[in-house]
Amino acid sequence: MQKNQYLLLGGALLFAAALYFFADFRGLEQRRKASEASTHSPESHEGAPAAVEPMDIEAYRKKETDKLPESERQRISTLLQTAEAKNTAVAWKDVAEFWEKSKELNLAARYYKTAAFLENTEKSVTFAGNLLLALMVRTEEPAVKMWQSQEAIACFTKALDLNPGNLDTKIALATCYTDGTGETMKGVTLLREVTAKDSLNVPANLQLGKMALQSGQLDKAVRRLELILEQDPKNSEAMYFLAEAYKGLGQKEKAISLFERCTALVNNPDFSREIDNYIKTFR
């Protein structure tokens with residue numbers, strides 16, 4: 001893979017991570033209403049996955065191929081024929097890199113996954129899984145999101161077969177279930193396995209804290225989020241959700257103080273305005 005391609009994928013991953021983080025800060029009213037309407041406890045009950053069929057990736061490939069100039073359609077046709085004939089990781093990476101250069105990352109991820117399973121290394125399957133996860137967290141279309149999450153699950157499951165002790169992989173897999181397919185308890189089980197081995201694990205506690213907040217288990221959310229801030233006082237994400245938990249518990253001054261500290265850390269004018277307006281609704 002060329003250096004510029006690593007940069008493109010790296011940029012995509014960072015961009016998606018940023019979108020995932022700030023998506024929690026946008027549409028606050030809608031998210032609060034959804035939380036208040038929820039009587040489901042993710043730490044004690046199975047979430048019912050939405051009846052969403054994953055997109056037909058082959059139909060998607062054909063649609064995207066039809067958009068290409070004739071010369072590019074011929075090139076990808078040749079690359080696919082070669083990959084199908086040779087069935088090697090190198091040949092499938094050539095296909096993936098074509099789609100990456102075309103900025104069609106769903107198809108790039110599809111073929112990086114194919115190459116990774118042929119290589120059968122933890123590094124390669126984790127790379128493909130991380131790309132799919134990064135795409136998943138910024139996708140709103142349900143069918144596309146379901147396809148991305150299922151493909152990422154396959155990658156992270158394979159990575160855990162190769163290295164069962166990798167806690168970061170377990171957290172990534174858990175996120176695919178909780179935020180992708182909607183299989184909440186599968187994700188919670190994995191996150192609990194992580195915290196059983198590492199009770200101070202920040203990403204696992206953050207995920208569990210957010211789910212506790214969403215389901216109205218405010219005391220549980222406070223415990224997990226405060227644990228994070230004890231280790232990392234500048235974790236703005238934990239700080240934001242802890243403020244929400246305190247606000248839900250009626251401790252307005254604590255909530256306002258945390259929101260104000262969070263806006264200072266995030267240092268984003270749009271976010272600051274939204275939080276200022278939000279504080280006015282309950283001050």
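The values are calculated or read from the model by the stated rules, or taken from the named source; none is laboratory data. Computed from a predicted structure; not experimentally measured. We place every Cβ from the backbone using ideal geometry, glycine too, and count neighbours over all the protein chains shown.
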Next on the checklist: Here's a check for you: in the stretch 222-244, which residue that is more than 22 Å from the chain's Cα centre (by Cα) and within 21 Å of Phe271 (Cβ to Cβ) is surrounded by the most Cβ atoms within 10 Å (Cβ to Cβ)?
Outcome noted: Ala243
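Of everything in the stretch 180-210, what is at positive phi and over 17 Å from the mean Cα position of the chain (by Cα)? Give them in sequence order.
Across the stretch 180-210, there are no qualifying residues.
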Next on the checklist: Can you report the number of residues in the stretch 112-133 which are surrounded by fewer than 24 Cβ atoms within 10 Å (Cβ to Cβ) and farther than 24 Å from Ala83 by Cα?
Outcome noted: 0
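How many residues are assigned to a helix (DSSP H, G or I), among the hydrophobic types (A, V, I, L, M, F, W, C) and out of contact with any Lys or Arg (no Cβ under 8 Å at 6 or more places or on another chain) if we restrict to the stretch 238-258? Even if it seems obvious, please write down each step before you answer.
Let us first name the residues in the stretch 238-258 that are assigned to a helix (DSSP H, G or I), namely 238-248, 252-258.
Among the residues that remain, those that are also among the hydrophobic types (A, V, I, L, M, F, W, C) are: 238-239, 241-243, 245, 255-256, 258.
Add one more test, that the residue is out of contact with any Lys or Arg (no Cβ under 8 Å at 6 or more places or on another chain), and what stays is 238, 242, 245, 258.
Here the count works out to 4.
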Item to check | Test: residue in the stretch 190-200 that is hydrophobic (A, V, I, L, M, F, W, C) and at pLDDT below 95 | outcome: no
Checklist entry - For Lys101, all conditions in the list (1) under 30 Å from Thr82 (Cβ atoms); (2) buried (at least 19 other Cβ atoms within 10 Å of the Cβ) hold save one; what is the number of the exception? => result (2)
Next on the checklist: Given the condition buried (at least 18 other Cβ atoms within 10 Å of the Cβ), at pLDDT below 95 and touching a Phe, Trp or Tyr at 6+ places or on another chain (Cβ under 6 Å), answer yes or no: does some residue in the stretch 213-221 qualify?
Outcome noted: yes
